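Quick notes on the structure that follows.
The values are calculated or read from the model by the stated rules, or taken from the named source; none is laboratory data. If you're wondering where the values come from, they're calculated on a predicted model, not measured in any experiment. All Cβ positions, glycine included, derive from the backbone under ideal geometry; neighbour counts span all protein chains shown. Heads up: the accessible areas ignore ligands, DNA and RNA and are worked out on the full protein's heavy atoms, side chains in. Shrake-Rupley method; radii C 1.70, N 1.55, O 1.52, S 1.80 Å.
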Amino acid sequence: MTIQEARANIEEFLRYLVAADVLSSEGAGRASHALASTTHPLDTVLTELGLLREDELASHLTVFLKLPGPGDFADLDQALINSAGLQFCEDNAIIPLALEPDTLLLATCDPFSGGVIDALAFHFDRTPTLRIATRSQITGQFKMLQLPAEAGGDDRIGEFDGEATAHDIDRLRDIAREAPVVRLVTRVINEAVERGATDIHVEPQEDNVRIRIRFDGMLTPVETAPRSLHAGIVTRIKIMAQLNIAERRIPQDGRMRVVVRGQNIDLRVSVVPSVHGEAIVLRILDRSRVKLELAALGFDQQARDRLSAWSHAANGILLITGPTGSGKTTTLYSLLKERNSTDTKIFTVEDPIEYRLAGVTQLQVEPAIDLDFATALRSVLRQDPDVILVGEIRDRETAEIAIRAALTGHLVLSTLHTNSAAGAFTRLTDIGIDSYLLGATIRGVIGQRLLRRTCPQCKGRSAKPAASPAQAACPSCRNTGYSGRVVAYEMLPVTEKTAALINSGAREEDIHAAARQEGMLSLLDHARGLVRDGVTTEAEVRRVIELGEA
Ligand SMILES: [Zn+2]
């Protein structure tokens, strides 16, 4: 429902109220004027102007819209509300009541608030059906969701070890709902998403809680919260991720979905106990702002031509290697996007699903229900695929299925956690694959890293300490001297010569040397070229490649 449609519906409803003698035309005029000049919803306007009681309004809305009445809220589905975002629901006085196969049942006091209803319909991918309730009924339900507070304001939970009692859990829930905690968590998540961060770190320290975000690969402090908020912050995040708030001694993993500026954002949550209490890392899985284009990532024309040939092959395996955070997944998806068309059936098996691609069937690995990479891959192979993306090859079973798929006429794209392209072959033999299978199936390996780009505005000059504050500010790079990242890569094609070495089980160094003899530019040489071209810096190459993760 657009704003115009919502307005038209409200006007029609006001005329109905006048016709039914519930409202005078003068009252309808005042309501209409107030609605046009403020952002208050219909029910607030009518009750605040003293034109109608909210229970009267609810029953007239029910008749006008031919909807079922309030009924009771016997079993609120807390998980459903958490999924929609408790704060979002509370702020908009709307409750998702039930998720049916095709429909989503919502309780609302403002059926004309199209945007909110549409957002929830979109979030759950269902057609909305409405049940009218009064605002008091709805806010009453949200109050019920928070358990009654204990007396005694200073009776807070700082640290407590051991088994949590029901009483402790109630107190945890309470402090997780306090305004400063809710605001802090919301503010940090919003800021991180808006700045394009990949991770949020909540780190309890002796006297405070440090919150840092990672973007462009670097951690930056964004907040320091008082130690007293720690339990509240942790519990708030756990509730959002549907984790066990009573458990504080073992690590927990979960997921949550939040709405930032009307966009659904998925987050993966990891909670780990530390000396100073539980530490949390939130991985932001929204990558809608990342361009899945090989050129934008930094692959030059020659590299793109080769990648295009590889990704259009009918069968075989393409591997992308690098440590965590080297941009492997982004390259993987960009390759897949090149290949995606209406005549190609593409499946992905991932953990987690980081990008959603139209026209591609994506499977999330769920070890908790025994759906691991190998099991998921086996079922995908029964679905007549042309191309299969496997998020990562971590074990022998997955590697074996990938090789079998490549040998039976499928193209498999995947990643491996190795330092060099040549390392892919030795890693696969290390996990138990016969080397002679590799030369025949693997078409090529890309080894890559991400380097921060020199800021184009200040050419990196802001990174140096400024002589005076006036010289300092470069809004484009926030005085880091860098803005965005570029990929440094090496591309190892499996040729007759390298295949012979690979099949004989040669060492990583020998495969690398042979590939270089055949013209491969090494990762380090490519990176040095980027320094010469002023795209990145010597310091960055040292940090990421020479001193990078071993
Ligand atoms: Zn700059």
Legend entry - Test set (1) touching a helix residue (DSSP H, G or I) at 6+ places or on another chain (Cβ under 6 Å); (2) open to solvent by 30 Å² or more (accessible area, probe 1.4 Å); (3) touching a residue at least 40 places away in the same chain (Cβ under 8 Å) - Cys89 fails condition number: (2)
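For every residue, the table says whether it meets (1) open to solvent by 60 Å² or more (accessible area, probe 1.4 Å); (2) more than 27 Å from Ala121 (Cα to Cα).
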{"residue": "Glu26", "(1), (2)": "yes, yes"}
{"residue": "Ala36", "(1), (2)": "yes, no"}
{"residue": "Pro41", "(1), (2)": "no, no"}
{"residue": "Glu48", "(1), (2)": "yes, yes"}
{"residue": "Glu54", "(1), (2)": "no, no"}
Inset, instruction - Being assigned to a loop (DSSP other than H, G, I, E, B), hydrophobic (A, V, I, L, M, F, W, C) and open to solvent by 50 Å² or more (accessible area, probe 1.4 Å) is the filter here, so list the residues in region 331-389 that pass it. - result: Ala358
Legend entry - Pairs, first under 30 Å from Asn479 (Cα atoms) in region 432-461, second surrounded by fewer than 20 Cβ atoms within 10 Å (Cβ to Cβ) and among the basic types (Lys, Arg), C-beta under 9 Å, six or more apart: Leu451/Arg543; Arg452/Arg543; Cys455/Arg461
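One line per residue, one yes/no per condition, for (1) over 21 Å from the mean Cα position of the chain (by Cα); (2) over 21 Å from Asn82 (Cα atoms); (3) among the hydroxyl-bearing types (Ser, Thr, Tyr):
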| residue | (1), (2), (3) |
| --- | --- |
| Gly217 | no, yes, no |
| Thr224 | yes, yes, yes |
| Ile239 | no, no, no |
| Leu243 | no, no, no |
| Arg249 | yes, yes, no |
| Arg261 | no, no, no |
| Leu297 | no, yes, no |
| Arg304 | yes, yes, no |
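Of all residues being at negative phi, in a loop (DSSP other than H, G, I, E, B) and not β-branched (Val, Ile, Thr) in region 479-509, which is farthest from the chain's Cα centre (by Cα)? Just the residue, please.
If we take residues in region 479-509 being at negative phi, in a loop (DSSP other than H, G, I, E, B) and not β-branched (Val, Ile, Thr), then Ser504 is farthest from the chain's Cα centre (by Cα).
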Inset, instruction - Considering every residue within region 211-225, establish whether at least one is without any contact (Cβ under 8 Å) to a residue 12 or more places away in the chain and among the β-branched types (Val, Ile, Thr). - result: yes
Legend entry - Scan of region 423-461 for residues that are within 16 Å of the ligand (Cβ to nearest atom) and open to solvent by 20 Å² or more (accessible area, probe 1.4 Å), ordered by number: Arg452, Arg453, Thr454, Pro456, Gln457, Lys459, Arg461
Legend entry - Hits in region 177-211 (condition: open to solvent by less than 50 Å² (accessible area, probe 1.4 Å) and in a strand (DSSP E or B)): Asp199, Ile200, His201, Val202, Glu203, Pro204, Asn208, Val209, Ile211
Inset, instruction - For region 251-260, indicate whether the set of residues that are polar (S, T, N, Q), more than 20 Å from Asp199 (Cβ to Cβ) and buried (at least 18 other Cβ atoms within 10 Å of the Cβ) is non-empty. - result: no
